[in-house]
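Contents: one structure, followed by commentary.
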Amino acid sequence: MSLIDKAVVRVLPAVPKAVVRRISSRYIAGSELADARRVVAELNAAGKLATVDVLGEEIVNPEEARAIAGAYLEVLDAIDEDGLEANVSVKLTALGLLLDPELARANVRAIAARGRFVRIDMEDSSTTDATLELYRGLRTEGVDNVGVVLQAMLKRTVADAEALAGANVRLCKGIYLEPEEIAFTDFDAVRANYVRTLRTLLDGGCYVGIATHDDWLVEQALREVRERPLRPEQYEFQMLLGVQTALGDRLVAEGHRLRIYVPFGRHWYEYSLRRLQENPKVAGYIAGDTLRRLVPGR
Ligand SMILES: Cc1cc2nc3c(=O)[nH]c(=O)nc-3n(C[C@H](O)[C@H](O)[C@H](O)COP(=O)(O)OP(=O)(O)OC[C@H]3O[C@@H](n4cnc5c(N)ncnc54)[C@H](O)[C@@H]3O)c2cc1C
């Protein structure tokens, strides 16, 4: 963690909420469903797909988990009403995984029953096995419109990819700070494992959501796609709202599918602080990016 990252994280709770809102407004659609609808419509008009994430705070009882599932059903109603090109991304802990895996499974099942694709985000490594198990359970019971996420930073990931042949998988580097016994901590090692996992997934007939803003990895992925060769409907790139917009625009202009991750919800402030504190590198990016916009040419 660089000194700047550490400093940013330390001062965060003291930063006025209005300032955090201004900084995070680029990365979060807003606090209401109407905000997400508007942002997704704008993305669609620019030729981009979306996946909507309802921001929730940590849940402590089954009712809260069901309330989050209910919020997703409202999102799906809105997507259908507006005819949007979007699906949803869910976090199993928000749907009750740590209270009772069966509760989380029932909640995902109810969300998937609406027919749209449901991406199950991957959280920290303490939940990896339970997440993959729940995903497999749903597939076994015939729920086909669900997909999972693999994190290239974890050493287990190539083996997980081999076991997921034919699945719909988002591949990302991984946002959580993990112990070095189980995770690559070196930047180049994570990149190398990303490429290795991507090849494994593509060779296993997976539909891959190539989730990265790393220019180098995007170039590697384009090469892998060209070498096979895959048609544009056989994979997609994915990016977070407000990040590397120019690179995303280039991919769309070149005819690739691009899906943007659109978080929204009343808990935007807690979410922003928690995500920033979980991984100070993100705070560093945002601080750097904000400085660049305040001081052009820096
Ligand atoms: C669509 C999508 C879904 C994701 N889902 C998950 C998930 O389910 N589980 C999980 O653990 N992680 C998830 N992530 C996060 C991911 O694991 C990485 O932490 C994140 O994408 C940064 O890695 P990178 O590949 O972009 O490369 P990096 O080398 O970290 O970033 C490349 C460049 O992109 C910019 N950048 C990257 N991230 C940000 C940011 N947040 N704010 C501002 N600028 C940024 C910076 O300019 C940076 O130099 C997801 C990412 C995306 C794009």
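Structure above, values below:
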{"read-out": "Selection from segment 185-208 of residues that are open to solvent by 50 Å² or more (accessible area, probe 1.4 Å) and among the basic types (Lys, Arg)", "value": "196, 199"}
{"read-out": "Count - residues of segment 110-135 that are under 15 Å from residue 174 (Cα atoms) and in a loop (DSSP other than H, G, I, E, B)", "value": "4"}
{"read-out": "Restricting segment 194-244 to residues that are hydrophobic (A, V, I, L, M, F, W, C) and farther than 20 Å from residue 175 by Cβ, the residue that is farthest from the ligand (Cβ to nearest atom)", "value": "230"}
{"read-out": "Single condition residue 76 does not satisfy, out of (1) farther than 21 Å from residue 168 by Cβ; (2) surrounded by 19 or more Cβ atoms within 10 Å (Cβ to Cβ); (3) in contact (Cβ under 8 Å) with a residue 40 or more places away in the chain", "value": "(1)"}
{"read-out": "Every residue from segment 134-177 that is on the phi < 0 side of the Ramachandran plot, free of Cβ contacts under 8 Å to residues at least 40 places away in the same chain, open to solvent by 10 Å² or more (accessible area, probe 1.4 Å) and more than 16 Å from the ligand (Cβ to nearest atom)", "value": "136, 137, 139, 140, 141, 143, 144, 145, 159, 163"}
{"read-out": "Residue list for segment 249-267, restricted to those being away from the ligand (no atom under 12 Å from the Cβ) and either closer than 20 Å to residue 231 by Cα or over 18 Å from the mean Cα position of the chain (by Cα) (or both)", "value": "249, 250, 251, 252, 253, 254, 255, 256, 257, 266"}
{"read-out": "Residues that are out of contact with any Phe, Trp or Tyr (no Cβ under 9 Å at 6 or more places or on another chain) and part of a loop (DSSP other than H, G, I, E, B), drawn from segment 144-163", "value": "144, 156, 163"}
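The values are calculated or read from the model by the stated rules, or taken from the named source; none is laboratory data. What you see is a predicted model; the values in this text were computed from it and never measured. Positions of Cβ are generated from backbone atoms using ideal geometry, with glycine treated the same way; all protein chains shown enter the neighbour counts. Keep in mind that these areas ignore ligands, DNA and RNA; they rest on the heavy atoms of the full protein, side chains included. Shrake-Rupley method; radii C 1.70, N 1.55, O 1.52, S 1.80 Å.
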